[in-house]
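Please read the structure below before turning to the comments.
The values are calculated or read from the model by the stated rules, or taken from the named source; none is laboratory data. All values derive from a computational prediction rather than experimental measurement. Cβ placement follows ideal geometry from the backbone for every residue including glycine, while neighbour counts extend to all protein chains displayed.
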Amino acid sequence: MAVADTVEHRPELLSRLAALLRPWPLLLIACTVAAAWLVFVPVAALFYTAFTEDTPFGPGAFTLANFVRAYVDNHILRLLWNSVVFALGTGVVTFLLGGIVAWVVERTDAPGRGMFHTLALLSFALPGLLTTMAWMLILSPNIGWVNTELKNLFGFTQAPFNIYTMTGMIWALSSHYFPLAYLLMGPAFRVLDIRMEEAAVISGARTWQVATRVTLPLLRPAILSTMLLLFVRGLESFEVPRLIGMPARINVFTTEIQSATHEVPPHLGVAASLGMTLLVICVVGVYLYRRATANAEAFATVTGKGYAPTPQRLGAWRWPVSILTMLMFIVTLGLPLFTLAWQSLFRNATPPSLSVLGNMTVDAYRYVLGYPVFLNAVKNSVFLGAMAATFVIAITFIMAWLAQRTMKRYGWVLDSLTFMPIAVPSVIMGASVLFAYLVLPIPVYNTIWILLIAYVTMYLPYGMRFTSGGIVQIHRELEEVAEVSGASSPQIFGRVLLPLLAPVLLAGWLYVFVLAVRELSASIFLAGPGTHVLGTISLTMWEEGGSYGAVCAMGIVQIVPLVFIVIIMRRLEERVSARR
Amino acid sequence: MLRIEHLFKEFAAVGNAKVAAVQDVSLNVPEGKLLTLLGPSGCGKTTTLRCIAGLERPDQGRIEIGGRTMFDAAHGVFVPPAERGIGMVFQSYAIWPHMSVFENVAFPLRVSRTRRFNSSEIVAKVKRALETVRLGGYENRRATQLSGGQQQRLALARGLVGEPRLLLLDEPLSNLDAKLREQMRFELKHLQTTLGLTAVYVTHDQSEALALSDEIAVFNQGRIVQLGSPLDIYRHPNSEFVADFVGSTNFLRGSVRATAPIGAVGQVETAQGTFACTFAAALAEGAKTVVSIRPEDIGIAADGEGVRGTITAKVFLGEVIDYLVSLSGQEVRVRHRARREYDHAVGATVMLTLPSDKALAMVDEKSA
């Protein structure tokens, strides 16, 4: 009996083994291992560094001293308070600005909605470092030109605005982040069936009753999740606290983590324990965000076949609404861009006026474009951006396809693995990758590859969103009909899937490219003398001399190509939506 | 009960162009009757309904509900939708997903402007409305837990709970599957007659319109092209468009040989022969015309009088059989009661007869 059993089982075992050796499971395993390595190694390094002694030869024995030191020396309550106020403040202002734009673009017939969408994308693509610098040139009490103008105009003895305050920080970040709120709230407004509101109107509800009983409750999950994500993003932000907060002595987690690693000698353990604290807060925030968005899906209802969103007709208010929205963009986007462009034409801080037109010079551009360190940084950033984008899109494309088509049962593993980095602030990612490869015997420290590792890890979630969203759009039958027609797997892939997905993949590639090129907060931990990138070199120039003109010229040189990329992305977006 | 006079509504289209959505529509719905606005998509029927509701503001005309002027372009009268005392069922149902079944139905009572309802009144009225649509006992369910058919009934209960003077229904059955749709058709008709509701019903489904309506207004390109009882519309379509849109029909094109006043019998010459037809339009001698005859009105026999044709295809549909008969180059559909003794084989030669009271001569819209 027992003999018969083994004889019967052996072929089954063999076939199971053989099944594992087929290409798809192998690919799945390879992808899982790669993603797990990218995601877990830095986090493990962060834990390890936080709980071990700092020694000149690397991590030592187990200790809790890092936490004690981090919490006492850095006045943890003060730090928490600053971080939370800053994140909450930006969350609220960002939400209000972005919510208004989302409403105008998605729900009204105000003219110029397409342009507002493009401007929001552009505003989002700009490096935060540059917009922050611009706001300092506008609103600093000493050199801010708006302050100077207002003093001259109204005879103020003191500057009316001071960027070196918590309010100033909140404004500088909000003016740059509100497109994110717009991008998050837009879909919520779009899918909100206007019939829901009309049904309330017909039932006899007054306008405020429609708003409080129908519209707001329906939007609540979207509002909640947007606020949470904005809050987390505020906690993670680095550029504004670094440039404005540090001189103003308003310290937050991200700047303290960076300071600790850059001290001589570096306090890596302290940085790691602060990082872990921030990571816990962010993980909780992202977890709540996920729950809120899951609730949003539970709110999905039957929508009719003939359903088409009808915009709210503003009537006489069409133009005023449009002009006010435009004004918002002029202030939040136009003013910083203009300031950078103007200042790039003068050596010293120069308020805009007609009388100085004669002193304009392109010396700054001549200097910047001939400055080898800058040119090397451009080369590094473009190389890293292209590599990171290619890797991220390729990996996530394979993963999304496996998760949705062949290996559905294990798909969630890949999904959650690639989503995890979204909870890791880029400052912590930078620090953790640094900790990991200081210890691991893999020689990437102080090379460009360590930056690439960090970038690919950080942008996995975004890549997955593009590729996964793209594959969802393609009905499985389109592949099946190719299969039935006799196409092989590579043929299906190359002739059906790739052409259909090309615009989405390209848009995703460009998106990751833009994120990578403007990266600062992780790079600042990883860039070495020969591996400066645009973000780190701009910061160094700003802080260690270099004229205002040169720094601004450097900014303009980065912004011009970004504008073209945004225009291409907008085109791709139109092509994708036209096909639906 | 509902009176509409010379309603016009234009929409801004791409660029500076205007699209006339509703052109000179006049209607009258007596108390307790159901009027259907029937037409293809984009014909202006939904816009007309939304004008009645007050969700759209017409450019010209007058709307009166229950003796009260709700809209009058000439005198600048516009009563907002909330004050018109109407109930409405949307195509997408527009069930609020954040409320329970009970709260969805209670909403119109809670926001009522005419009077305040206390909570026991609300409970009683909601219970009655839900029982009317056979959703009693579902009060505490989440609205999103209901099936499509139940959501549809919930939307109806919400429309009825405030005892509106007028009920507006915008393609309420189009999201249901075929079987459920037929069942709901009967339920709706039953409810409307027993409750004595005055209702305006929008649909593009002609069989729904024929089944439910006291009167049908057939829309095409923003205008009412025919207004009449279901039987009238089906039996006496006044144009090629109506004959084609309501029910199925055969068209034979030709010219008038001997004209006749509207309603009388004249002669029409076609490639398939000369037929005696009832004239549905004023047509001059020699004018181009089209003869419409419904498949079930054509007589089919193995021999005897009539036009000779050959059966090219045959479809068994249960109680009837559809034959496709080739008549000198044109295919004609003939529907016949399925009885063994009258069965004809594919390829057989048959004789078709077109009764002069069922063959209608009308303006040839395609050639014109």
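A few remarks follow.
- Helices (runs of 4 or more DSSP H) fully within region A:240-345 counting 2 or more residues that are modelled with pLDDT under 90 and over 24 Å from A:Thr131 (Cβ atoms): A:253-262, A:268-298
- Residue count, region A:176-212 (criterion: farther than 18 Å from A:Ala294 by Cα, within 14 Å of chain B (Cβ to nearest Cβ) and not charged (D, E, K, R)): 15
- The sole residue among B:Glu139, B:Glu187, B:Glu163, B:Glu182 that is outside any helix (DSSP H, G or I), surrounded by fewer than 22 Cβ atoms within 10 Å (Cβ to Cβ) and either within 13 Å of another protein chain (Cβ to nearest Cβ) or within 22 Å of the chain's Cα centre (by Cα) (or both) is B:Glu163.
- A single entry from A:Phe57, A:Phe40, A:Phe116, A:Phe62 fulfils the requirement of being among the hydrophobic types (A, V, I, L, M, F, W, C) and in contact (Cβ under 8 Å) with a residue 24 or more places away in the chain: A:Phe116.
- Flag for A:Arg220 being modelled with pLDDT of 90 or more, within 13 Å of chain B (Cβ to nearest Cβ) and either part of a helix (DSSP H, G or I) or crowded, with 20+ Cβ neighbours inside 10 Å (or both): no
- From B:Leu197, B:Leu168, residue being away from chain A (no Cβ under 13 Å) and either surrounded by 18 or more Cβ atoms within 10 Å (Cβ to Cβ) or at pLDDT 90 or above (or both): B:Leu197
- Test for A:Asp73: is it touching a residue at least 60 places away in the same chain (Cβ under 8 Å) and closer than 26 Å to A:Leu526 by Cα: yes
- Single residue of region B:226-263 satisfying the filter (in contact with a helix residue (DSSP H, G or I) (Cβ under 6 Å, 6 or more places away or on another chain) and free of Cβ contacts under 8 Å to residues at least 24 places away in the same chain) that is farthest from B:Thr289 (Cα to Cα): B:Pro230
- Scope region B:210-237; condition among the hydrophobic types (A, V, I, L, M, F, W, C), in a helix (DSSP H, G or I) and surrounded by 19 or more Cβ atoms within 10 Å (Cβ to Cβ); matching residues: B:Leu212, B:Ile233
- Test result for A:Val104, crowded, with 16+ Cβ neighbours inside 10 Å and over 30 Å from A:Gly555 (Cα atoms): yes
- Options A:Leu150, A:Leu139: the member that is touching a Phe, Trp or Tyr at 6+ places or on another chain (Cβ under 8 Å), away from every other protein chain (no Cβ under 14 Å), farther than 30 Å from A:Leu510 by Cβ and without any contact (Cβ under 8 Å) to a residue 12 or more places away in the chain: A:Leu150
- B:Ala129, sole failed condition from (1) within 8 Å of another protein chain (Cβ to nearest Cβ); (2) outside any loop (DSSP other than H, G, I, E, B); (3) buried (at least 24 other Cβ atoms within 10 Å of the Cβ): (1)
- Among the residues here, A:Thr215 does not qualify as surrounded by 22 or more Cβ atoms within 10 Å (Cβ to Cβ), under 26 Å from A:Ser174 (Cβ atoms) and either within 14 Å of chain B (Cβ to nearest Cβ) or hydroxyl-bearing (Ser, Thr, Tyr) (or both).
- Unmet criterion (only one of (1) more than 26 Å from B:Gly42 (Cα to Cα); (2) under 30 Å from the mean Cα position of the chain (by Cα); (3) surrounded by fewer than 23 Cβ atoms within 10 Å (Cβ to Cβ); (4) more than 8 Å from chain A (Cβ to nearest Cβ)) for B:Leu154: (3)
- Test: residue in region A:525-542 that is assigned to a helix (DSSP H, G or I), more than 18 Å from the chain's Cα centre (by Cα) and farther than 16 Å from A:Glu239 by Cβ: yes
- The set of residues from region A:253-279 being within 19 Å of the chain's Cα centre (by Cα) and either farther than 28 Å from A:Pro56 by Cα or hydrophobic (A, V, I, L, M, F, W, C) (or both) comprises A:Phe253, A:Leu278, A:Leu279.
- A:Gly545, sole failed condition from (1) in a helix (DSSP H, G or I); (2) surrounded by fewer than 19 Cβ atoms within 10 Å (Cβ to Cβ): (1)
- In region B:96-106, of all residues being over 30 Å from the mean Cα position of the chain (by Cα) and within 11 Å of chain A (Cβ to nearest Cβ), the one that is surrounded by the fewest Cβ atoms within 10 Å (Cβ to Cβ) corresponds to B:Glu103.
- Test: B:Arg113 is in contact with a strand residue (DSSP E or B) (Cβ under 8 Å, 6 or more places away or on another chain) and either within 11 Å of chain A (Cβ to nearest Cβ) or within 27 Å of B:Thr48 (Cβ to Cβ) (or both): no
- Among the numbered conditions (1) away from chain A (no Cβ under 11 Å); (2) in contact (Cβ under 8 Å) with a residue 60 or more places away in the chain, the only one that B:Tyr93 does not meet is (1).
- Selection of region A:255-274 for residues being among the small types (Gly, Ala, Ser) and surrounded by fewer than 24 Cβ atoms within 10 Å (Cβ to Cβ) yields only A:Ser259.
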